[in-house]
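Heads up, the thing below is written out as structure tokens.
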There are 2 protein chains.
Amino acid sequence: MSNICHFNEALEKTAANHVPLSPLSFIRRTAAVYPDRTALVYNDLRYSWQQTYARCCQLASLLTHLGIQKGDTVAVMLPNVPAMYEAHFGIPMVGAVLNGINIRLDPETVAFILEHSRSRLLLVDPEYVDVVEKALAQLEGPAPQVINVSDPSQGEERWIGGLEYEALLTDQPAWKEWQLPADEWDAIALGYTSGTTGNPKGVVSHHRGAYLNAVSNALSWTLPANVTYLWTLPMFHCNGWCFPWTLAAIGGTSVCLRRVDPEHILALIKEQGVTHYCGAPIVHTMIADAATARSELIGHTIYGLVAGAAPPASVFERMEKIGIELTHVYGLTETYGPASVCTKQTEWAQCSLEERVQLNGRQGVAYPLQEEMAVLDAETMAPVPADGKTIGEIMFRGNIVMKGYLRNEAATREAFAGGWFHSGDLAVIEPDGYVKIRDRLKDVIISGGENISSLEVEDIVQRHPDVEFVAVVAMTDDKWGEVPAAFVQLRPGSELSEDALIRFCRERISHYKAPKKFVFGALPTTATGKIQKFQLRQQVNGD
Amino acid sequence: MSNICHFNEALEKTAANHVPLSPLSFIRRTAAVYPDRTALVYNDLRYSWQQTYARCCQLASLLTHLGIQKGDTVAVMLPNVPAMYEAHFGIPMVGAVLNGINIRLDPETVAFILEHSRSRLLLVDPEYVDVVEKALAQLEGPAPQVINVSDPSQGEERWIGGLEYEALLTDQPAWKEWQLPADEWDAIALGYTSGTTGNPKGVVSHHRGAYLNAVSNALSWTLPANVTYLWTLPMFHCNGWCFPWTLAAIGGTSVCLRRVDPEHILALIKEQGVTHYCGAPIVHTMIADAATARSELIGHTIYGLVAGAAPPASVFERMEKIGIELTHVYGLTETYGPASVCTKQTEWAQCSLEERVQLNGRQGVAYPLQEEMAVLDAETMAPVPADGKTIGEIMFRGNIVMKGYLRNEAATREAFAGGWFHSGDLAVIEPDGYVKIRDRLKDVIISGGENISSLEVEDIVQRHPDVEFVAVVAMTDDKWGEVPAAFVQLRPGSELSEDALIRFCRERISHYKAPKKFVFGALPTTATGKIQKFQLRQQVNGD
């Protein structure tokens, strides 16, 4: 008899020793361990964990009552209000799939998403009723049932139809007999990526990945149970990077937030004792600016996660003075939010501010429970050397990678070619093993046969103290093919000239990499604070 | 077309998005993220994570060279030295199963374990050569190959045969092409429980559970990357509660320790800046006693996990003064070590010392990633009410429960009856939902038809300041059937009489629960510091 066999002999999975991994387990446990601790805060509203769990169970009961079944899609178009948090639990409790729609999308895209996702129900905030009405009017198939999530703090509201979330919820029992998914590979959420060309793709995530990344957030940030987390990051964005589930895993408090208003944020930080928050660089800059304008310190340390370009040294320095400790993360909807983190090494504390900004502003290393992050030559799939120079594509492999794109086999196959998820971002590996992004594949500028990283050029422009935001894109050029063009948003009151900025750049970067053209003005951003480079390319190239 | 189907349509598992959960992933990641940070300290030896990972890969290479294959068992009989840590990675790297043998077992039991586990190789510390030689002499089947793990710090050594670990390792390349298990349900370790009757049972654990409990330890204790963990808990005991893998997950430092010597421990705490350790109550008491005798404070906070009976209030108080913060956990080999934790609630800080000792000394709530802990009526499988009175059996259900007992289908079936793992421990649920052990099933004393919890009686006796340790067992009695008998180890110098102790008990507990007989002297303990009640029962009942 083989030895392999005796370790598998009559040792099958049973109900006692195998349970599907699902973040739904977290809220059940936390409601039992911390029943009276505050789970959700929104304006004057406070819900304990016991109440929040009961409300999620009521939502599950309501969905069942409305005929929602396993495998159905339930769409939500909500800001970061309690109903949005509850949707992350109540919807999967009935085996349905949560489709969080970006609240800033246009009616055409919303219509596409509702149709493609086959959403049977839509929870909507009255603030977005105009867009949703137009979207519904464009649908070819059957329209989803609409439930309005009323917010008394917002004054007069217009609804679509007569169903209202709170009223419907109140009538439901807290249905605690909900079941975990039959399989941890079952879908939990669907998130459409804001593709720059073609239709958005529906990223399908599963319970196993959501469970593991929720835990990975807690490990990476060493989160204790008593954190107070401010919802500056939209929950419709990769399910708030899995943080609704992370907070349920540890029993932390969520401070809900309808919109990113720096003054309101500073007030909440003080009143609620906020300890943690996440956001795009612009969110952090706004907070730093507002705090500096008030010339007030916060009085306790706050931990922030930032995804995207490193904030300039001046912002970084101000944030340190205010008492905000930033950590860089990187990821995509396809990786449930953060998939890498710029883990701080002890010895960095000895470095100069300028050095620390550079060290901390990288994409870093694989997230704790992400299996592998690599920078590979997309042709040969060979790893690039850790020389800080050779460019490859960032790729991930592991349990925190989507199931694939919904009804888009070709895109799924392409994304997973060679057994790795292709991020589409170009990067180098620095000698310490940390990954540093150089560019989006499509944002590389090819000038006279040389590749220029738009991020590298932005990094230089951004160092000028008068520059608030910058975006560099390729501008077609008769001689060189492409040259860099820079869109610059100056700090209020600055009168910096194009000439002065060109000189500033040429002193710091190779001539051919310095922008040939500067456009001054406000920069267009996406719903998640990302600068929309495709618009800038159109603007500068007139196409 | 059904909706369920579109979420599973062409969205299968691929190499990009599915990887078996295994704690082996942790050491690969940590060696890359913290290559130069210290992983292991032993006397004057220091190994960085890069070195430790390389050594584990060398061990994997050595095992392959010796013909060890997937599904083979490799036994180790080692104290907490670096080789024992390396065994937790190098052995599973080749798909083999780690069988950690209790270093205090007798030759007969060691022979049984080697035979039953079909161990093909044995790593042994020269300190245990006498026992192992006798065990090998008793084997009926083929003997495992023996590798001696020499320890130059221990002076002259006697070996079995001529193979030596360090010498063999040096010749091997660091084989980084090892593979994760094909299936996360594959066995990673085998641990024999010290059954009081019959042969020990071989608990088979799997990669998935080891991964999840390693993470659960980090979550439960909010472990940051810079912990320095002292190995007071034997690694042969449920794989050191999964802490070898936890430390690899976070990148913490292990301070190895051959034996529990309080003076040496205090020195290491200061020299190495130890921040965390685990152990049976006796370990904590020894440390508190030694620190008190020295009347020195430690100078930084140390966090300890304790499993077993709550230390008496006086010890608890001393530990607080010294700067040690204790947390209670509870579990079994079958649950990979800790499966529940007495999570501290914020409001407990306001309670009196006496109250805090009671609150903190409970078995508590399910461990973060353990699915469920319950106290059920073993007959009906109905949960007991949270009244602090109704006794039921502690049961667990989830991914951190063993595969089962090796080649013991009947015992496995019995352990998992009704879809729950039966712990064999009796407990109540207190009104706050926390579980409190009342007794082992077999340790209940049935006196005149009344059930007496031996732990409840011990708790009373232990309150006497002169009592160092106590164990209460059933003594047969012609009139009552059984009565409680107490074995007491007094603190050095005490001259407490039996009469005085009987009076002390009767003032605090119902007459029928007070011990009818006291035996003074040192208490026999198992290798892991548990008091061996079956020996005491034999002694007092003469059977």
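Before moving on, here are some points about what is shown:
- Here is the figure for the range A:144-165: residues that are without any contact (Cβ under 8 Å) to a residue 24 or more places away in the chain and either surrounded by 15 or more Cβ atoms within 10 Å (Cβ to Cβ) or in a helix (DSSP H, G or I) (or both) total 3.
- Selection within the range B:294-309 - of a type in the set (Val, Ile, Thr) and either out of contact with any strand residue (DSSP E or B) (no Cβ under 8 Å at 6 or more places or on another chain) or outside any strand (DSSP E or B) (or both): B:298, B:301
- Checked across the range B:390-398, the condition of being among the small types (Gly, Ala, Ser), surrounded by fewer than 19 Cβ atoms within 10 Å (Cβ to Cβ), within 24 Å of residue B:209 (Cβ to Cβ) and within 14 Å of chain A (Cβ to nearest Cβ) holds for no residue.
- Of all the criteria given as (1) acidic (Asp, Glu); (2) assigned to a helix (DSSP H, G or I); (3) modelled with pLDDT of 85 or more, the one not satisfied by residue A:325 is (2).
So that you can scan it fast, the table gives a plain yes or no per residue for (1) at pLDDT 95 or above; (2) more than 28 Å from residue B:305 (Cα to Cα); (3) not hydrophobic (A, V, I, L, M, F, W, C):
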| position | (1), (2), (3) |
| --- | --- |
| B:123 | yes, yes, no |
| B:135 | yes, yes, no |
| B:148 | yes, yes, yes |
| B:173 | yes, yes, yes |
| B:177 | yes, yes, yes |
| B:214 | yes, no, no |
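- Conditions (1) in a loop (DSSP other than H, G, I, E, B); (2) aliphatic (A, V, I, L, M); (3) crowded, with 17+ Cβ neighbours inside 10 Å: number failed by residue B:522: (3)
- Looking only at the range B:474-510, and only at residues there that are of a type in the set (Asp, Glu) and in contact (Cβ under 8 Å) with a residue 12 or more places away in the chain, the one that is nearest to residue B:285 (Cα to Cα): B:498
- Selection status of residue B:474, modelled with pLDDT of 85 or more, touching a Lys or Arg at 6+ places or on another chain (Cβ under 6 Å) and surrounded by 21 or more Cβ atoms within 10 Å (Cβ to Cβ): no
- Residues of the range A:90-116 classified as among the small types (Gly, Ala, Ser) and part of a loop (DSSP other than H, G, I, E, B), total: 2
- Test: residue in the range B:302-320 that is within 28 Å of residue B:204 (Cα to Cα), within 14 Å of chain A (Cβ to nearest Cβ), modelled with pLDDT of 90 or more and surrounded by fewer than 21 Cβ atoms within 10 Å (Cβ to Cβ): no
- If you filter the range B:410-438 down to residues that are at positive phi and touching a residue at least 24 places away in the same chain (Cβ under 8 Å), you find that the one that is farthest from the other protein chains (Cβ to nearest Cβ) is B:424.
- In the range B:445-475, of all residues being more than 23 Å from the chain's Cα centre (by Cα) and β-branched (Val, Ile, Thr), the one that is nearest to residue B:530 (Cα to Cα) corresponds to B:473.
- Test: residue B:140 is assigned to a helix (DSSP H, G or I), surrounded by fewer than 21 Cβ atoms within 10 Å (Cβ to Cβ) and among the charged types (D, E, K, R): no
- Exactly one residue out of B:497, B:510 is of a type outside the set (Lys, Arg), within 16 Å of residue B:455 (Cα to Cα) and surrounded by fewer than 14 Cβ atoms within 10 Å (Cβ to Cβ): that is B:510.
- Where strands (runs of 3 or more DSSP E) fall entirely within the range B:17-89, those with at least 2 residues that are more than 14 Å from chain A (Cβ to nearest Cβ), modelled with pLDDT of 95 or more and buried (at least 19 other Cβ atoms within 10 Å of the Cβ) are at B:38-42, B:73-77.
- Residue among B:461, B:473, B:428 that is closer than 24 Å to residue B:330 by Cα, assigned to a strand (DSSP E or B), of a type in the set (A, V, I, L, M) and touching a Leu at 6+ places or on another chain (Cβ under 8 Å): B:473
- Selection count where residues are away from chain A (no Cβ under 14 Å), touching a strand residue (DSSP E or B) at 6+ places or on another chain (Cβ under 6 Å) and among the small types (Gly, Ala, Ser), scope the range B:379-389: 1
The values are calculated or read from the model by the stated rules, or taken from the named source; none is laboratory data. Nothing here was measured: the structure is a model prediction, and the numbers come from that model. A quick note on method: Cβ atoms are made from the backbone with ideal geometry, for glycine too, and the neighbour counts reach across all protein chains shown.
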